[in-house]
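S.K.: I'd like to ask some things about the structure below.
The values are calculated or read from the model by the stated rules, or taken from the named source; none is laboratory data. Since this is a predicted model, take the numbers as computed values, not measurements. Ideal geometry is used to build each Cβ from the backbone, glycine not excepted, and the neighbour counts take in all protein chains shown.
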Amino acid sequence: MSASRLLLVCWAALATLSVSTVLLAQSGGTWVLSVAILLVAVGKAWLITDGFMEMRHAPRLWRRLMVGWAVVLAVVVGLTLVLVR
C-alpha cells in the first residue's frame, strides 16, 4: 500500500472513530459507554502513532511507549470514573 493511500485510510478510520465517540456520548451516560469511548480513544491513539507519526518503522521501544502512554491515560481516567461514582 502506498504511503498516501495508507494516510487516507488512517484519516478515514480516524474520522469514523471520531463520529462513533460522538454517537456513543450522545446515547447515554453509563460507565460502560465511558469505557467504550476510552477504548475508541486508545484505538485512535494507535492509528495516529502508527499511521501519521509512522512509528511502525521506529524501534519497538518508542512505539510501545507512545501507545502505552495512551493506555495508561485511559486506565487512569477509567479508574477515576469508577472511584468517583
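S.K.: Just checking, which of 31, 11, 62 is under 18 Å from residue 81 (Cα atoms) and aromatic (Phe, Trp, Tyr)? Working first, answer last.
M.R.: On the way: 11 fails: under 18 Å from residue 81 (Cα atoms); 62 fails: under 18 Å from residue 81 (Cα atoms).
Every option except 31 fails the conditions.
S.K.: Restricting attention to the range 17-74, which residues are among the hydroxyl-bearing types (Ser, Thr, Tyr) and exposed (fewer than 10 other Cβ atoms within 10 Å of the Cβ)? Let's see the steps before the verdict.
M.R.: Keep residues of the range 17-74 that are among the hydroxyl-bearing types (Ser, Thr, Tyr), which gives 18, 20-21, 27, 30, 34, 49.
Hit for the range 17-74 is 30, nothing else.
S.K.: Is it true that some residue in the range 24-31 is of a type in the set (Val, Ile, Thr) and either more than 14 Å from the chain's Cα centre (by Cα) or at pLDDT below 90 (or both)?
M.R.: Yes, the range 24-31 contains at least one residue that is of a type in the set (Val, Ile, Thr) and either more than 14 Å from the chain's Cα centre (by Cα) or at pLDDT below 90 (or both).
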